[in-house]
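Engineer: I have a structure here, written as structure tokens, and I will follow up with some questions on it.
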Amino acid sequence: MTERAAKLFAEYFGDPTGAVVARAPGRVNLIGDHTDYNDGFVLPMIIDRHAEVVARRRSDRQVRIVAAESGERVGNTLGEPIDYSSPKWLPYVLGVVHELAQRNRIELGVDIVFRGTVPKGAGLGSSAALEVATAVALDAVFNLWLQPVETAELCRDVEHHYAGVHCGIMDQLASRLGRPNHALFIDCRSLEVRHVPLPFDGYRVVIVDSGVRRELADSRYNQRRAECEEAVTILRKVEPSLTALRDAYPALLMACEQRLLTDRLARGWHVVSENQRVLDARESLACGDLSAFGRLMNASHTSLREDFDVSHPFLDRLVEAATEVDGVLGARLTGAGFGGCIVTLVREAAVPTLEDRIRELFEDGSNGIIVVGTPEQAGITEIIT
Ligand code: GLA
């Protein structure tokens, strides 16, 4: 890996001595969507697709970035304003550099070349993987000694400030702290994490990419977050100790039925029920009850479709088709929704049938199937000497 990375760096910037390479994985969320920014619970797992960033410090304040896949290049001087709207990846790489400069953690520029294998805009955490790989590389380049949670928070802030997406912390924490063959249970209020072993022997996690894309920033994602905050304002009138939808409970929602707009109430029901499902899902993994886990995935999809209203007709068709296949224990949309992927848990022997069934739904004969494993190693940093 190191040798390949050194070659890549040399292609654009000459002698790679002193460069550092960092990798960070994408993630698929098994259950718990739109709960992270409501201080709730999530249960993602990292996947064997990643972002790779090769970086080396400069002695001036220049920043040069190359996207290896497209050949796009951007140059900038630390602290100088720049239009972040294009190329699309710019906020996730240069945003991290600038955020660290803003926090007075770095004063010198850097040369960066990056590439990645996480499908973009598919709800598999491609932007978080790129942010985290950049932050981990810069950490090593400038000896910053960033703590993992600090790294995830930094990257989440980058997404807010430079990409305009008011996301939660799930993707960045999963990418930074996820471990192979484990899900990562995150309490998004305390930021405590627990690595939960996945008893998936004989089963596969199969992801289907619908091919439907939405721009997170332009989409209704930020709107959903604002709706949740509005619901909190109303609920606090009855329960002043409440600070996030995490603190809501069924009796409170029922008591506030008349005060809340119908859709705000529905958002509340989703968050309250989804948080409970994440806790139940963690429990079912602990006792190896995968059927129960699958039922929770199905219920999560229904709630995201009906109450949180973030599904898409094609995602619903994919989930419906998948759940009809014998051997599929559960299926749901994963990530922000409005497009992107569904995730299913399926008996290994039933994967070909699932693939056939899914293929029928893609008119051009393609299928968006991505069978994932978890990576052999989680995020790694190596120094090229
Ligand atoms: C996106 C965001 C996350 C999370 C999910 C929905 O992936 O980046 O913070 O809110 O959507 O669960």
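Engineer: Ranked from highest to lowest mean number of other Cβ atoms within 10 Å per residue, what is the order of the peptides 114-120, 68-74, 99-105? Working shown, then result.
Structural biologist: Numbers: 114-120: 19.4, 68-74: 12.9, 99-105: 15.1.
Final packing ranking: 114-120, 99-105, 68-74.
Engineer: Something else about it: What ³J(HN,Hα) values, in whole Hz, does the Karplus curve 6.51 cos²θ - 1.76 cosθ + 1.60 give for segment 128-134 when θ = phi - 60°, with x put for Gly and Pro?
Structural biologist: Once θ is set to phi - 60°, the couplings for segment 128-134 become 4, 4, 5, 4, 5, 4, 5 Hz.
Engineer: Based on the Cβ-Cβ distance from ASP187 to LYS237, what FRET efficiency comes out when R0 is 35 Å, to the nearest 0.05?
Structural biologist: 0.85
Engineer: Under the rule of at least 5 residues apart or a separate chain, name every residue whose amide H is placed under 5 Å from the amide H of PHE200.
Structural biologist: Answer set, sorted by chain and number: none.
Engineer: How many times 2.2 N^0.38 Å is the alpha carbon radius of gyration of segment 197-313?
Structural biologist: Numbers: Rg = 16.5 Å, N = 117, 2.2 N^0.38 = 13.4 Å.
Dividing the Cα Rg of segment 197-313 by 2.2 N^0.38 Å gives 1.23.
Engineer: Please give the peptides 345-355, 126-136 ranked by average Cβ packing (other Cβ atoms within 10 Å per residue), highest first, as a rough proxy for protection.
Structural biologist: Those peptides, ordered most packed to least, come out 126-136, 345-355.
Engineer: Hey, can you grab everything whose amide H is under 5 Å from the amide H of VAL42? Only 5+ residues off in sequence or another chain; H modelled, so Pro and N-termini drop out.
Structural biologist: Here the answer is ILE186, CYS188, since their amide H atoms fall under 5 Å of that of VAL42.
Engineer: Would you calculate a helix-derived [θ] at 222 nm for the chain, using -39,500 (n - 2.57) for each DSSP H run of n ≥ 4 and dividing by the full residue count, to the nearest 500?
Structural biologist: Result for the chain: -12500 deg cm²/dmol, rounded to the nearest 500.
Engineer: Just to be sure I understand: with springs between alpha-carbon atoms less than 10 Å apart, which residue in HIS160, HIS34, HIS50 has the highest mean-square fluctuation in the Gaussian network model of the chain?
Structural biologist: So, out of HIS160, HIS34, HIS50, the one fluctuating most is HIS160.
Engineer: Let me ask something else about it. Which of the aspartates and glutamates could a cross-linker bridge to LYS7, judged by Cα under 16 Å and excluding same-chain residues fewer than eight apart?
Structural biologist: ASP15, GLU52, GLU69, ASP111, GLU382
Engineer: Further question: Divide, for segment 4-67, the radius of gyration over alpha carbons by 2.2 N^0.38 Å, where N is the residue count.
Structural biologist: Ratio of Rg to 2.2 N^0.38 Å for segment 4-67: 1.63.
Engineer: What length, rounded to one decimal in nm, is gained on full extension from HIS160 through to SER86, with 0.36 nm per residue of separation minus their alpha-carbon distance?
Structural biologist: Gain on stretching HIS160 to SER86: 25.0 nm.
Engineer: Sequence-distant or interchain residues sharing an amide H contact under 5 Å with ILE47, placed H: which?
Structural biologist: Here the answer is GLY26, ARG27, VAL28, since their amide H atoms fall under 5 Å of that of ILE47.
Engineer: Same structure, new question: Which whole-Hz couplings ³J(HN,Hα) result when phi for each residue of segment 201-212 is put into the Karplus expression 6.51 cos²θ - 1.76 cosθ + 1.60, θ = phi - 60°, listed in order with x for Gly and Pro?
Structural biologist: 4, x, 10, 10, 8, 10, 10, 10, 8, 5, x, 7
Engineer: Using all Cα-Cα distances in the chain, what percent lands in each 10 angstrom bin from 0 up to the longest?
Structural biologist: With 10 Å bins starting at 0, P(r) equals 5, 24, 31, 24, 13, 3, 0.
Engineer: Can you give me the Rg/Rh ratio for segment 27-177, using Cα atoms for both radii and the Kirkwood formula for Rh?
Structural biologist: Ratio of gyration radius to Kirkwood radius: 0.95.
Any read-out appearing in this document is the output of simple, stated calculations on the displayed coordinates, not a laboratory observation. Since the model is a prediction, treat every value here as computed from it, not as a measurement. Backbone-built Cβ (ideal geometry, glycine too); neighbour counts: all protein chains shown.
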